[in-house]
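S.K.: Take this structure, written in structure tokens, and hold onto it; I'll ask about it next.
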Amino acid sequence: FLPVVDETLVVDNLVLNPFFANGTFTSWTSIGSPTLTANTDYFWHGSQSANIAPAAANEGIEQNLLTVAGGHARIDQAVGKTLHAIAALRATVASAVRLRATFNGTTYTSSSFHSGDDDWEGPTIHVVDVAIPASPTEMQISVESAGTTEFQAGMVVAWIDPITRYTVPTTFINGPHAVEQQDDLARPNGLYLPLGPNNGPKPG
């Protein structure tokens, strides 16, 4: 049998359509009026990424995690815990794009900007870790521009500690035979270890 690597199973992921798997980018909302198209030349997983051409600064694409996390009625269970978000982004101009999170639409926590090296920069660079405040009006994560340079978003994942769930993809119709977990986030081609008592699911 030929092993097929499926890295789309992400423990506790709250983001819907995290790999921008369709041309309409279901579950994502535009910030401002960027032009959104599928990019099949550059992608992180699957067969495409979100190609985003902003018309002005601070435009991009966003998703409100409160809906997925259970809404305002249950947010009290998450207050004081940490929201973690990671992304894979690609840009050809330095400081053109970054990952951001906000709980009120005014105050943002941001990752580092992309270096502009015309390649993917992944979840060890585009990282947001922020404490969830009391009575947030939203839990928005976004990929935003600093100008009008076109860029690609290939993956956005977010979770809240502690681990509570993971969902087996619907593409798993006979099995899985085994589930292994990446040992080092920075080494996707490195060691994968079987899940078990000494190797439980890690967030993200």
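S.K.: Exposed loop chymotrypsin sites (Phe, Trp or Tyr not before Pro) only (DSSP loop, at most 15 other Cβ atoms within 10 Å): please give the longest stretch of the chain free of them, not including the sites.
M.R.: Here the longest run is 43-165.
S.K.: Note down the magnitude of the dipole of region 1-140 about its Cα centre, charges +1 on Lys and Arg C-beta and -1 on Asp and Glu C-beta and zero elsewhere, to the nearest 20 debye.
M.R.: In total the dipole reaches around 360 debye.
S.K.: I've got another one for you. Given a 1.4 angstrom probe, I'd like the percentage of the accessible area of region 111-160 that is carbon and sulfur, rounded to a whole number.
M.R.: 46 percent
S.K.: Right, something else. Give the residue from Ala101, Ala186, Thr148 lying farthest towards the positive end of the charge dipole for region 91-204; charges sit on Cβ (+1 for Lys and Arg, -1 for Asp and Glu) and the dipole is referred to the Cα centre.
M.R.: Ala101
S.K.: Count neighbours as other Cβ atoms within 10 Å of each site's Cβ, and list the trypsin sites (Lys or Arg not before Pro) in region 92-185 that are DSSP loop with at most 11 such neighbours.
M.R.: Here the sparse-neighbourhood loop sites are Arg165.
S.K.: Please compute the volume of the convex hull spanned by the alpha-carbon atoms of region 1-158 and report it per residue in Å³.
M.R.: Dividing the Cα hull volume of region 1-158 by its residue count gives 120 Å³.
S.K.: Pulled fully out, how much extra length does the chain show between Ser112 and Thr171, if you take 0.36 nm times their separation in residues and subtract their Cα-Cα distance?
M.R.: 17.8 nm
The values are calculated or read from the model by the stated rules, or taken from the named source; none is laboratory data. Note that the structure is predicted; figures quoted are calculated from it, not measured. Virtual Cβ from ideal backbone geometry, glycine too; neighbours counted across all protein chains shown. Protein only, heavy atoms only, side chains kept; ligands, DNA and RNA dropped before computing areas. Shrake-Rupley method; radii C 1.70, N 1.55, O 1.52, S 1.80 Å.
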